[in-house]
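Here's the structure, in structure tokens; my notes come after.
The values are calculated or read from the model by the stated rules, or taken from the named source; none is laboratory data. Quantities reported herein were computed from a predicted structural model and do not represent experimental measurements. Here Cβ is always computed from backbone atoms with ideal geometry, including for glycine, and neighbour counts include all displayed protein chains.
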């Protein structure tokens, strides 16, 4: 917003008396907020200049005084006191007196009950950070445990699950995400095939573009890109939804009605995510390969049949199934952390924002860490 | 360019004029042809049962809703104006205390109160700090400048909201249900605060409430809206109206009698 002070109405300070002796300041006009700056400096400068032994402030000509103006008068009184002057107000109009009485001089000097919030040092910061991290770890682990218990319960008692909710979340997290998943994985496949073809062309190894792309997309890029998109689209939405419910005391209402909020709110979201994320991953794989196919046909003079044949022979079921299992685990982590961050919300709008951000960041972190763990595990298992 | 004189010139005239105001949401007419004035320095209480449109009326007066018909003139400026400069002046000259205080949760009380000063004046941080301290002291919250809204009670939040509404020393303060959700003591404290600020600073106040105690303690004048009449059914001195109003709806309201016609009994 543009800062522009309103054209101020005039005020005046008239000085009478002799330097170093008895001095009278006569204030007039509007002693108000819009004049505050020049008033303050004007009054202080005259006090400095005259250096009176006795100061009287005549208020009879004051036309308008607001509380900011009254503050100037009190500050002047304070300044006079610190110089141990003989100070007094004179001819105070009734309205002016009313305002000055409203201000409590002792309250104005009261120190803040909480000291400056930013006054922490590096060691404190570090300690606080470590403590928060540990607490967070405990909370996430506890939540994951409760979530797994709820999942197990749901498997044993399928009728207890709110399937309508599951279906609606499947639509929101899965179907509504199809356009962006298609676009990103298609273009990613296209770019990857294009860049690798530029390199492989130099060695006459064009035919390896299809297997390279197939393995890269199915094993790594498909699951990771899908998980990242779902974390951004749905993990954040879950955190914001539950967080807002928490702020509105809706979660408390559920508890008092005897519902388990995890089973009621988190489980449908987690189940829905665990169903749709592997499906989305499979879809992303297909789109990625389609992107490669376009490059193969248009840029490498391969026929579509050869390209697809090369892709098919380079992939086995042992490439596809583990990557879908991985996608399922990603889904559990994304939805789980989204819900957990939502339940953590305390306070108001800002806390919801923090929880949403934290849900996405934590999900991305977990996705990458879990993916590395899977890569190692698959390697040693020989998959 | 518009100058402060415009506002000063209107010293003699009523500070707010509501002229034939009509509020309508879709086909649902809340009230029609409501006209009244608010005089400088008075505390006007708008009251009525639930759903009579008193909060809607307040929202029209502060410019949150554009009227379906009629107009609101605040300090000589028609609230329907598009002129940014005029609107800025009007907004500077008024303050609103919302039902739950509406403090910004991510800012300390000092930052909340200092925000309008930062945006609308060219004061130095030091001067702003002094004014903020003074405003908080004015609402009996001295020392709470570094607290966050979530760390204080409901009554304190309202008082802090009042300090923020008063940051620019407005000519008019609007209150939406000031005592709603407060315990009797906090509510009474807030009433006393409202009265002392009105007496000390001469600020005009428009209060929407249905708390009888508040009404009898703070109101100089009331206007009463009615849902079925879709408009004002009474105005004047509350003490007078309580005992001598010929209108049974008014007498019922003040004496807490369930309606003779408000809500027909079902058999």
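Tabulated data
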{"read-out": "Criterion (away from chain A (no Cβ under 11 Å), crowded, with 20+ Cβ neighbours inside 10 Å and part of a helix (DSSP H, G or I)) met by exactly one of B:96, B:132, B:90", "value": "B:90"}
{"read-out": "Flag if residue A:370 is within 14 Å of chain B (Cβ to nearest Cβ) and surrounded by fewer than 20 Cβ atoms within 10 Å (Cβ to Cβ)", "value": "no"}
{"read-out": "Of the criteria (1) modelled with pLDDT under 85; (2) assigned to a helix (DSSP H, G or I); (3) more than 11 Å from chain A (Cβ to nearest Cβ), which one residue B:60 fails", "value": "(1)"}
{"read-out": "One residue from A:302, A:254, A:324 being closer than 30 Å to residue A:207 by Cβ and modelled with pLDDT under 90", "value": "A:302"}
{"read-out": "Boolean, residue B:163 is modelled with pLDDT of 90 or more and more than 8 Å from chain A (Cβ to nearest Cβ)", "value": "yes"}
{"read-out": "Answer from B:64, B:58 - the residue that is within 15 Å of the chain's Cα centre (by Cα), under 21 Å from residue B:205 (Cα atoms) and loosely packed, with under 14 Cβ neighbours inside 10 Å", "value": "B:64"}
{"read-out": "Checking residue A:177 against (1) in contact with a helix residue (DSSP H, G or I) (Cβ under 8 Å, 6 or more places away or on another chain); (2) surrounded by fewer than 19 Cβ atoms within 10 Å (Cβ to Cβ), the condition it does not meet", "value": "(2)"}
{"read-out": "Members of segment B:118-129 that are within 8 Å of chain A (Cβ to nearest Cβ) and either part of a helix (DSSP H, G or I) or at positive phi (or both)", "value": "B:119, B:120, B:127"}
{"read-out": "Residue within segment B:176-198 that is in a loop (DSSP other than H, G, I, E, B), within 13 Å of chain A (Cβ to nearest Cβ) and in contact with a strand residue (DSSP E or B) (Cβ under 6 Å, 6 or more places away or on another chain) present", "value": "no"}
{"read-out": "Some residue of segment A:326-345 being over 30 Å from residue A:244 (Cβ atoms), in contact (Cβ under 8 Å) with a residue 60 or more places away in the chain and either within 14 Å of another protein chain (Cβ to nearest Cβ) or not in a loop (DSSP other than H, G, I, E, B) (or both)", "value": "yes"}
{"read-out": "Checking residue A:92 against (1) assigned to a helix (DSSP H, G or I); (2) surrounded by 11 or more Cβ atoms within 10 Å (Cβ to Cβ); (3) within 14 Å of chain B (Cβ to nearest Cβ), the condition it does not meet", "value": "(1)"}
{"read-out": "Enumeration of residues in segment B:67-81 that are crowded, with 18+ Cβ neighbours inside 10 Å and without any contact (Cβ under 8 Å) to a residue 40 or more places away in the chain", "value": "B:79"}
{"read-out": "Output for segment A:114-124, where each listed residue is surrounded by fewer than 12 Cβ atoms within 10 Å (Cβ to Cβ) and at the interface with chain B (Cβ under 9 Å from one of its Cβ atoms)", "value": "A:115, A:116, A:117"}
{"read-out": "Members of segment A:24-73 that are surrounded by fewer than 22 Cβ atoms within 10 Å (Cβ to Cβ), closer than 26 Å to residue A:84 by Cβ and within 14 Å of chain B (Cβ to nearest Cβ)", "value": "A:40, A:41, A:42, A:43, A:44"}
{"read-out": "Among (1) part of a loop (DSSP other than H, G, I, E, B); (2) crowded, with 22+ Cβ neighbours inside 10 Å - the single one residue A:281 does not satisfy", "value": "(1)"}
